[in-house]
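Novice: Dumping the structure here so I can ask a few things about it.
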Amino acid sequence: MRSLPLLLFALLLMATSFSAYSDNTSLDGTSSDLPLRLCTLDHWPPFVDRSALKGGWAVQVVDEALQLAAIPFQRSYVPWARAVELTQGGRCDAITELYHDPQREHWVHFSDRYGALSMTLFAHAEREVHFSKLADLSKYRIGMLRGANISPEFHRTPNLQLVPLNSVQQGVKLTYHQRIDGFITGEKAIRFAMYQLQPQLPDITTRLKPVKPVIHQNELFVGFNKLRAENREWRQRFNQALKMLINSGRYQQILEEQHLVNR
């Protein structure tokens, strides 16, 4: 059975989700003429994927926090540059997948962090792949997605033997079959690909392992623009609801539902 906090959380979420979508009435009884208008990246699997469960991990986390906070919202899926343009111009109230950058503080208030994207090297369990500094990786053949941005330091490192690849699944399979020494991209994307490949490769979650240290980590926030007065309050309520998701155990449950935690 689920723990009591999770059961109470589920009941609270069901009680609040109807008002969040239907009547523009907040928890304190005040009303809003317009819902919170969200700009969401058009396609960024497994974080944003309209063909996936609940629209992907990032969408599900943000949706459940907004529902719990009883914030009415509408979502538009748009390319990154368009999301920035619409939010800066006030036609979107918030971007839902935003990395922190001090320059962006001029036009958005950042929510609390709701996720982390760790750029991580995965290798086969039978291979002795290790490093303490990026230059140590030059002795390995490392797969990465074509055009991927790992980190500024990584791309400045000389003599890396990089193998350009077309998909996360390709990188995972080549690493599993030991045709390359390792594959680097976001850890959540790798774990999701491992879940997808399990029917073909049942032992994949035990054969591939992350190699520490993490090469780079980006944190995800919702960025509320500074143009709409309600956004300050809605950001506070989103942050409170996010804490409830985490403290109740529901956040971890979402990771498991999205197959981003391999066991």
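Novice: Could you check region 50-83 and list, in sequence order, the residues that are in a helix (DSSP H, G or I), under 21 Å from Gln236 (Cβ atoms) and open to solvent by 20 Å² or more (accessible area, probe 1.4 Å)? Don't jump to the end; show me each part of the working.
Specialist: Our first condition is that a residue be in a helix (DSSP H, G or I); within region 50-83, this holds for 53-55, 57-68, 80-83.
Add one more test, that the residue is under 21 Å from Gln236 (Cβ atoms), and what stays is 58, 61-68.
Correct list: Asp63, Gln67.
Novice: Here's a follow-up. Yes or no: region 211-227 includes at least one residue that is assigned to a helix (DSSP H, G or I), open to solvent by less than 40 Å² (accessible area, probe 1.4 Å) and closer than 28 Å to Lys139 by Cα. First the steps, then the outcome.
Specialist: Just the residues of region 211-227 that are assigned to a helix (DSSP H, G or I), to begin with: none.
No, that holds for no residue.
Novice: So which residues in region 90-133 are in a strand (DSSP E or B), open to solvent by 20 Å² or more (accessible area, probe 1.4 Å) and more than 14 Å from Val214 (Cα to Cα), if there are any at all?
Specialist: Of everything in region 90-133, those that are in a strand (DSSP E or B), open to solvent by 20 Å² or more (accessible area, probe 1.4 Å) and more than 14 Å from Val214 (Cα to Cα) turn out to be Tyr99, His109, Phe110.
Novice: Let me ask you something else. Sort out which residues of region 134-152 are modelled with pLDDT under 95 and open to solvent by 20 Å² or more (accessible area, probe 1.4 Å), and write them in order of number. If you could, list the steps in order and put the result at the bottom.
Specialist: So in region 134-152, the residues modelled with pLDDT under 95 come out as 145-152.
Listed by number, the residues that qualify are Leu145, Arg146, Gly147, Ala148, Asn149, Pro152.
Novice: Moving on. Out of (1) in contact with a Lys or Arg (Cβ under 7 Å, 6 or more places away or on another chain); (2) farther than 19 Å from Arg232 by Cα, the odd one out for Gly115 is which?
Specialist: (1)
The values are calculated or read from the model by the stated rules, or taken from the named source; none is laboratory data. Because the structure is a prediction, the values reported are computed rather than measured. As a convention, Cβ positions derive from the backbone with ideal geometry for all residues, glycine included, and neighbour counts pool all protein chains shown. Note: accessible area is taken over every heavy atom of the protein model, side chains too, but ligands, DNA and RNA are not part of it. Shrake-Rupley method; radii C 1.70, N 1.55, O 1.52, S 1.80 Å.
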